[in-house]
Amino acid sequence: MKTILCYGDSITYGANPAPGGARHAYEDRWPGALEAGLGGQVRVIAEGLGGRTTSSDDFTADADRNGARILPTLLASHAPLDLVVIMLGTNDLKPAIFGTALMASYGMRRLVQLTRGHFHMLGEQVPGIVIVSPPLVVDSENADMLGHFGGLPHAAKESAEFAYHYARRAAELGTGFFDAATVARPDPLDGVHLDAANTRAIGQGLVPVVKQALGL
């Protein structure tokens with residue numbers, strides 16, 4: 001059976017947009033929906049952490065949020081892998097991190113390089129990679145949440161540029177690409193996280209992309 005690692009942040013984790021809300025059920029998280037859509041042909045490993053960035057430190061949390069630093073450990077832990085699906089970048093929009101979608105795309109490039117380099121170094125099969133540009137940031141009355149991302153004008157503008165920059169990185173690096181904003185929209189409760197239906201929609205939308213990547 002083929003194995004996929006889904007690497008992401010709170011959206012991959014299944015965070016609830018309602019303050020204090022329960023984490024989405026496994027079947028509603030997009031990696032779970034992807035596994036279901038593949039009809040039992042593939043094992044999908046979900047690796048999501050709230051606040052995770054592509055490649056920068058965030059010292060406001062005890063967990064290591066630097067996606068580039070922890071990725072090689074997770075690749076080693078879950079090997080062998082046939083495909084790595086990466087959806088990160090929203091947290092890079094915080095002014096205290098990168099602040100722009102362009103810089104987040106450079107962080108994504110680093111994650112692709114790390115993935116390939118890790119397996120090349122070990123002389124093992126290098127998995128395929130799919131880059132996923134995250135959903136947009138939308139308006140919300142949750143001022144604290146939007147404040148983390150530099151306010152709505154900044155966050156909305158930059159998140160709208162994810163697909164453009166990530167598609168360019170995918171073409172440059174020869175990876176697959178999927179724009180999550182084409183199938184999912186955040187809940188206005190906090191403007192960033194998704195309800196269960198929109199979270200599932202990402203996994204469902206990825207099914208044909210993943211099938212093509214794995215030759216299914």
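The values are calculated or read from the model by the stated rules, or taken from the named source; none is laboratory data. Since the model is a prediction, treat every value here as computed from it, not as a measurement. Quick reminder, even Gly has a Cβ in these numbers, built from the backbone with ideal geometry, and neighbours come from all protein chains shown. Only protein heavy atoms, including side chains, enter the accessible area calculation; ligands, DNA and RNA are left aside. Shrake-Rupley method; radii C 1.70, N 1.55, O 1.52, S 1.80 Å.
See the values below:
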{"item": "Tensor-based shape of region 1-148 (alpha-carbon gyration tensor, a/c under 1.5 rounded, otherwise prolate or oblate)", "result": "oblate"}
{"item": "Gain upon complete extension [A22, H120; 0.36 nm per residue less C-alpha separation]", "result": "31.3 nm"}
{"item": "Net +/- balance of residues flanking T54 in space, Cβ distance below 13 Å, scoring K and R +1, D and E -1", "result": "+3"}
{"item": "Candidates per GluC sites (Glu not before Pro) in region 109-191, loop by DSSP, up to 10 other Cβ within 10 Å", "result": "E141"}
{"item": "Accessible area of region 1-77 belonging to carbon and sulfur atoms, whole % at 1.4 Å probe", "result": "50 percent"}
{"item": "Per residue value of the accessible surface for region 1-111 (all protein chains in place, 1.4 Å probe), Å²", "result": "39 Å²"}
{"item": "Prolate/oblate/rounded label for region 148-200 (Cα gyration tensor, a/c 1.5)", "result": "oblate"}
{"item": "Ranked by how many other beta carbons lie within 10 Å on average, peptides 101-112, 79-90 from highest", "result": "79-90, 101-112"}
{"item": "Under 21 Å from K94, Cα to Cα: lysines that are on another chain or at least 8 residues apart", "result": "K157"}
{"item": "Pairwise label distance in nanometres, A160 with S77, each label 7 Å out on the Cα-Cβ vector", "result": "3.8 nm"}
